[in-house]
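This report refers to the structure that appears directly beneath it.
The values are calculated or read from the model by the stated rules, or taken from the named source; none is laboratory data. The shown structure was predicted, so the numbers you read here are calculated from the model rather than taken from an experiment. As a convention, Cβ positions derive from the backbone with ideal geometry for all residues, glycine included, and neighbour counts pool all protein chains shown.
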Amino acid sequence: MVTRREDLEGIREELVFRVSEQVLARGSASEVLEESVYYERKRIAEDRGSPARERDRSFWAELARRLRRAPEHEQPALVREAVEHYGQEIEGHFDPRIYTLVTKALPSTMGVVLNAVSPSKFVQRFPKVPSLDDCVTLEGETEQLQGLRDKGTVILVPTHSSNLDSIVMGYGLYRLGLPPFIYGAGLNLFHNRLIGFFMHNLGAYTVDRKKQDPLYKEVLKTYATLTLEFGYDNLFFPGGTRARSGAVESKLKLGLLGTGLSAYVNNLKRKSDQPNIYVVPATLNYQLVLEAETLIDDFLSAVGKSRYIIEDDEFSQPRTVFGFLSKLISLDAKITLRVGKALDPFGNPVDDEGRSLDPAGRFIDIERYTWVDGRPAEDPSRDKEYISECAERICEAFFRDNVIENTHVLARALFDTLRDRNPQLGVFKLIRTRGMQDQVPAVDLHERIDSLLSELRELERAGRIRLGSSCRGSAADVVAGGLAVFETYHSRPAAERHGDRVGSGDPTLLLFYQNRLEGYALGRHRPVLTSDHRSLRPEEQ
Amino acid sequence: MKARVCLLGQGDIAHAMARMLVNVELVCSPEDEPQGPTVRRSSTWEEALDGSRVVVLAANADRLAELAERYGPHALGDHVVVTAARGMRAGFELPHETIRRYTCARKIGVFGGPLHAQEVAAEHHATVVLASRFREAARVVDTLVPEERVTVEHTTDLVGVGVAGAYGHVTSVLTGMGQALSWTPTAVGLLVAHGMVEARNLGVAAGGEPATYQGIVGWGELIPRTQGRSNRHGELGAALVQGGERPAGQLEVLTTLRESMRFGQTHDIATPVADALHRVVDSQEEAASALGALLRSPLDPRH
C-alpha cells in the first residue's frame, strides 16, 4: 500500500541497509545466514502446502551453496540478498482501480445479494437499497482519528476475533473518508482465492507466522517501521492472532507495536517535520462471530495450544462467509467498530490537536522520554518498558470500548447459572459433560440477566464498558433477541429455548460468547480464564 | 562537573536522603526548606529541575501524593524520580503508582529494604534495594551514593518492594506490641513471620514476585524489626497495648491495614495480621487476645 513509487524505492533501499547493519552488528554474516538457512529448511520441509515452496527451496539451497564458497568479505552481500528476498515477499501492492471497485460498488452489490435471502427486509426498506452500511456501525473517537492524520502518522490497533476484521476495518476507514491503511495480513489469507485477490491488490503486506527465522522477523518489523517513517498509516492486530477464547485481549504482542516507538525516535533523529506517531485502539464487536466454533474448539483442545495459525476454518469456505453475512443483515445484527482515544507511543493520551497529555491533562514534551545524554536515541531496554506501558493502555482501552451485545449477556447469565447449578464441576468438565442440570427456567434466567444488566450499566456509567443497542431493553428482550441471533447461524446454538426453560445447544459456544465479559469481575463467580485470557484457569480445567 | 539532584520534601526522610547522596549538587525547590548544609534552594522550579537528571521525592506515603502533585507541573520525561516512601494509599496504590498518578515521569525508582532514616543520617552502613523497571534509574542511583557506606541492590519488582515496604510498618507495630506485652523474642519473631507471609501473599496477588520476599526486601528488612527499633510505628504498637497516647501525625500503617483488608477480600486472600491489628486499633479487642489468636492461626504461604 506504499503508493508513491519514490517511497517504495526508498523503503526497499533503506530496508536492506538498515536490517543488514542491525544484524551484522550482532553477529557475523555467516552466523546470520546459517541460522536463516536452518530455520527456512526446517519450515520448508514442514510447510508442504506453501505455493512459494519451490521458489524458497531453490533460493535457500543456492544461498547455502554460495555461502560455503564465499570469502568472508563477500558474505555481507549474501545477507543483503536474504533481506531483499524476504522484503519482496513482505512488500504489499496497491491497485487504485481495485480499491475504487471494492469501496464504491461492493457494499451495495453485496447488500442486494445478501438481502436476497430476506426479501421482507428488502421490501420494508425499498426504495433504499440495503447495504453493508446497515450492518456496520462506526462510533467513538472517529473525528479525532480523522484529524490526527494531518498531525502525524497513525497506527490503528484493533481487537481481533475474526478474519472478517481486516475487511470491516478497511470498510470502516473508507466510510470515515480515510485512505486505506497499510496492514500486515497472515500469509494463509493470501491463499484464499477471493480474499487473496483483494489482499494483494489493496496493499496488504504479508506476515508469514510460520517463519521463525530471526532475520525474517527483523525484516518484517523494519518494513513496518519504515512505512511509518515514510508517513503511511498502519493497522496492526496487536493480539497477534484471533482471540481463541472470545475474550477481549488482555496481553499484547509487543514486536510490531514497538515499530511505532522506533519510527518516532528515527523521525526525531532525522528532524522530521512531522515526527509524531499516534496509536489508536479500536474494538470490533460482533453479535455473532463467523469462526466462533473453530476458535473455541481450538482454545479448548490440547492441540490448540500449539496451533497458532488455523487454515481450515469457516473463513476458508466462501459459502459459509456468505451465509454468515446474509444472516447478519437479515437479523439487523450489528458489527460495531468503536474507535478509542488516541495515545502516543508511550501510552499517554493525546488531545485532538495531537498533543500528549499527562495524568492531569497538562501538555508533555514527549521527546524527552527518548533522550540519552540530551538527544533522541534508541535504548532497547528502556524502550521495551515504554512499549509495554503503551500495550497496557491499549488493553485498558479495549476493555473500556468493548461493546456488549445481547448474545454476550445471555451467554454469561446462562453460563453463570449453569455453574451455580453444577458447583462440583470445573468449567472444562461442565462444558464437556453438560452437568447434571443443563437447562434453566426462563424466569430464573431473566432474574440473573436483570442483575447482570444492572452491573453492566454501572460499569458503563463509570466508562469501563459499552452496552450495545441490543442490551437497552428489558431482560426478556435480551433473552428473546439473543436466542433469535444464536439460532440463525451456528450448527448448534449457544443457547436455545426448551418450552419455558433455556439450555445450551453447544456449551463450548456458550463459553466463547460469555468470555467477552471476562475481566470485569462481574457476579460472584471467579473468572474462567487466566489473566492473559489465553487459557482456562488451572482449577477450571 | 557534579550531577545535579533535586531533593523535594522535608523532615527525617529528606534529611537522610541528603546525607546519603554524595558527589552531587543538591538543590531543592523554591517552596522547600534546604535539608542540611549541602542543599541549595533554587529560586525557581525551572532552575531546580531543568538541569537535574534525578529528582528525589522525600516523603512518607501519606505526603508523597502532595509532593508528587507539586512536582507534577514541572516534571520532564527524562527525569529519573526516586522515592523512599513506604505505605499505600486508597485503592492499594503503591508509591510508584502515586508518582505516575500525578506526573508524566516514567523512570521511577522506589527504595526498599532495611533503609532507616536515622541510621542513614548517622552514616551507618546501609543495604537497600532500588526497584525500577528502567535500568537507567539503577545506573544513575549507583553513581549518587557512596559505595563504602551504601550498598544498592536492584530489582524490577516495584510491586513486591512496595507491598513489603508497607508491611514493614505493620511488622513494626507488631514488634512494638509484642515487646510492650513482654513477650519473648521468639514470640515477637513469630509475629513478624506472620506479617512477612501476609505481605508476600498480598504482594504476589498484586503482581509482585515471590522471590522478592526472600531477599533484602523481605527477610532482610523484617528480621531487623524483631530487634525492637524505636520508631513511630513501634511506638504505636506500644501505645495500643499500654493505652498511652498514640504518636502524633499521620501513620501510614492505618491506611495499609484498611487497604490490605479490602484487597484481601476482593482477591480472596486471608489477612489475619491486618484483621487482628485493625480490631485492636478500633478498640474491638484487647491486644493480647488479638495477637494470641494470630499466633495460633496457621502460617499460610499460599503462593
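Here are the numbers for this structure:
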quantity: Residue list for region B:37-70, filter: in contact with a Cys (Cβ under 9 Å, 6 or more places away or on another chain) and aliphatic (A, V, I, L, M); calculated: B:Val39, B:Ala48, B:Leu49, B:Val54, B:Val55, B:Val56
quantity: Sole residue being closer than 19 Å to A:Leu284 by Cβ and either within 14 Å of another protein chain (Cβ to nearest Cβ) or crowded, with 16+ Cβ neighbours inside 10 Å (or both), chosen from A:Glu496, A:Glu518, A:Glu539; calculated: A:Glu518
quantity: Filtered residue count, region B:90-104, keeping only those that are in a loop (DSSP other than H, G, I, E, B), away from chain A (no Cβ under 14 Å) and in contact with a Ser or Thr (Cβ under 9 Å, 6 or more places away or on another chain); calculated: 2
quantity: Output for region B:148-163, where each listed residue is at pLDDT 95 or above and crowded, with 19+ Cβ neighbours inside 10 Å; calculated: B:Thr155, B:Asp157, B:Leu158, B:Val159, B:Gly160, B:Val161, B:Gly162, B:Val163
quantity: Qualifying positions in region B:145-162 - more than 17 Å from the chain's Cα centre (by Cα) and either within 14 Å of chain A (Cβ to nearest Cβ) or in a loop (DSSP other than H, G, I, E, B) (or both); calculated: B:Val145, B:Pro146, B:Glu147, B:Glu148, B:Arg149
quantity: Unique residue being assigned to a strand (DSSP E or B) and more than 14 Å from chain A (Cβ to nearest Cβ) when the list is B:Arg86, B:Arg63, B:Arg40; calculated: B:Arg40
quantity: Matching residues in region B:6-59 - criterion: being closer than 18 Å to B:Ile108 by Cα and of a type in the set (Ser, Thr, Tyr); calculated: B:Ser52
quantity: Residue match in region A:450-459 (condition: within 14 Å of chain B (Cβ to nearest Cβ), over 18 Å from A:Arg526 (Cα atoms) and surrounded by fewer than 19 Cβ atoms within 10 Å (Cβ to Cβ)); calculated: no
quantity: Hey, A:Pro423 loosely packed, with under 14 Cβ neighbours inside 10 Å and either part of a loop (DSSP other than H, G, I, E, B) or touching a residue at least 24 places away in the same chain (Cβ under 8 Å) (or both) or not; calculated: yes
quantity: Meets criteria (within 19 Å of the chain's Cα centre (by Cα) and farther than 30 Å from B:Gly264 by Cα) for B:Val24; calculated: no
quantity: Condition check for B:Leu76: of a type in the set (A, V, I, L, M) and either away from chain A (no Cβ under 14 Å) or buried (at least 22 other Cβ atoms within 10 Å of the Cβ) (or both); calculated: no
quantity: Count of region B:159-207 residues which are under 22 Å from B:Met20 (Cβ atoms) and touching a Gly at 6+ places or on another chain (Cβ under 8 Å); calculated: 7
quantity: Residues that are in contact with a Phe, Trp or Tyr (Cβ under 9 Å, 6 or more places away or on another chain), more than 9 Å from chain B (Cβ to nearest Cβ) and surrounded by fewer than 17 Cβ atoms within 10 Å (Cβ to Cβ), drawn from region A:368-384; calculated: A:Ala377
quantity: Residues being within 13 Å of chain A (Cβ to nearest Cβ), touching a helix residue (DSSP H, G or I) at 6+ places or on another chain (Cβ under 8 Å) and either in a helix (DSSP H, G or I) or not aliphatic (A, V, I, L, M) (or both) - total across region B:105-144; calculated: 8
quantity: Residue count for region B:243-272, restricted to those that are more than 18 Å from the chain's Cα centre (by Cα), at pLDDT 90 or above and more than 14 Å from every other protein chain (Cβ to nearest Cβ); calculated: 5
quantity: Verdict on A:Thr407 being within 11 Å of chain B (Cβ to nearest Cβ), in contact with a helix residue (DSSP H, G or I) (Cβ under 6 Å, 6 or more places away or on another chain) and buried (at least 21 other Cβ atoms within 10 Å of the Cβ); calculated: no
quantity: Selection status of A:Asp401, more than 10 Å from chain B (Cβ to nearest Cβ) and under 21 Å from A:Lys341 (Cα atoms); calculated: yes
quantity: Residue check for B:Leu8: under 28 Å from B:Ala122 (Cα atoms) and either in contact with a Pro (Cβ under 9 Å, 6 or more places away or on another chain) or within 14 Å of another protein chain (Cβ to nearest Cβ) (or both); calculated: no
quantity: So A:Arg412, is it at pLDDT 95 or above and closer than 25 Å to A:Thr508 by Cβ; calculated: yes
quantity: Long-range neighbours under 9 Å by Cβ, at least six apart or interchain, first residue more than 9 Å from chain B (Cβ to nearest Cβ) and under 10 Å from A:Asn276 (Cα atoms) within region A:351-367, second assigned to a loop (DSSP other than H, G, I, E, B) and β-branched (Val, Ile, Thr); calculated: A:Arg355/A:Ile364
